[in-house]
1. Quick one: putting +1 on the C-beta of Lys and Arg, -1 on the C-beta of Asp and Glu, what dipole do you get for region 112-151 around its Cα centre, in Debye to the nearest 20?
2. Give a residue-ordered list of calculated ³J(HN,Hα) values for region 27-37 (Karplus: 6.51 cos²θ - 1.76 cosθ + 1.60, θ = phi - 60°; whole Hz; x for Gly, Pro).
3. In nm, give the distance between the simple-model label positions of Leu74 and Thr97, each being 7 Å from the Cα along the Cα-to-Cβ direction.
4. Given H placed on each backbone N at 1.01 Å, which residues far from Ile84 in sequence or on other chains put an amide H within less than 5 Å of it?
5. Ordered by residue, what ³J(HN,Hα) values in Hz, to whole numbers, does region 142-153 give under the Karplus form 6.51 cos²θ - 1.76 cosθ + 1.60, where θ = phi - 60° and Gly and Pro are x?
6. Check which residues have an amide H placed less than 5 Å from Thr112's amide H, if you skip close sequence neighbours.
7. What ³J(HN,Hα) values, in whole Hz, does the Karplus curve 6.51 cos²θ - 1.76 cosθ + 1.60 give for region 42-55 when θ = phi - 60°, with x put for Gly and Pro?
8. Just in region 1-79: which GluC sites (Glu not before Pro) are loop by DSSP and have at most 13 other Cβ atoms within 10 Å?
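Laboratory data are not the source of any read-out in this text; all were calculated from the coordinates shown. This is a predicted model, so every value here is computed, not measured. Counting neighbours? That spans all protein chains shown, and the Cβs are built from the backbone with ideal geometry, glycine included.
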Amino acid sequence: AVAHKTDIVLGTTPENVQDVSNEISSVVDDHDGIVLDSNVSDGPEGIAGASFRLLIPTNELDSAVGDLSAVADLRSRSQEATDITAPTLTVEDRLQTSRAKVKSLVNELAATTTEEDRLAVEAELSAERDRVANLTTKLNRLERRASLTPVRVDVQTGEDFSSRSDDGSWGPADAIDDIGGHLGTAAGVALIGLAIAIPIALIALLIAMVNRLWVRSARR
């Protein structure tokens, strides 16, 4: 038993957000999936977008993910798989044991001869039946995790800045960008230095001129 999880990020223009959202819903229907919730926002680039939380049958997952990835520009896609065989088998064994105990208690209840024994067996039987119900719920959840895969789809607008951070690579284009950034920073520091140095130089020049005039006046 394996539980899957998938996240998809698509990119498009603001005017196409609604069309992309409609196409996503169509893909979900084609693969017998479920839309748990959706949110579509209009607006300018960077604001307009959409998000979907889906449940896709696991046996349809590969084809559904392929179709969803083709709806618009694929920016990122991640898929996770978790082995849940051990917890599933554990719950199944406990459930089988609990059901056998319920059956045994039912037979024991039929054989009771006193009111005190009957009440004691009924209390134990009620508690065991509650245990069966809880284990059945846990097993259903585990089976649902294996049979239905949660898929999140985000539709974004605007420039995609995630490519460099996602793959961790660094190439010539990135080097040029970094050099440009450093040069821009250096130029900014130089301008600030000039802005501070020029007034100081002017003040020093004025002081020197006043001092020279005062010396000449004193000599006269």
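1. In total the dipole reaches around 620 debye.
2. For region 27-37, the Karplus curve yields 4, 4, 5, 4, 10, 6, x, 10, 8, 6, 7 Hz.
3. For Leu74 paired with Thr97, the spin-label model returns 4.6 nm.
4. Val2, Ala3
5. 5, 5, 5, 4, 7, 8, 10, 9, x, 10, 10, 10
6. Excluding prolines and chain starts, which carry no amide H, there are no hits.
7. With coefficients 6.51, -1.76 and 1.60, one gets 8, x, x, 4, x, 9, 5, x, 7, 9, 9, 10, 10, 10 Hz.
8. Values: sites: Glu15, Glu23, Glu45, Glu60; in loops: Glu45.
Counting only loop positions with at most 13 other Cβ atoms within 10 Å, the GluC sites (Glu not before Pro) in region 1-79 are Glu45.
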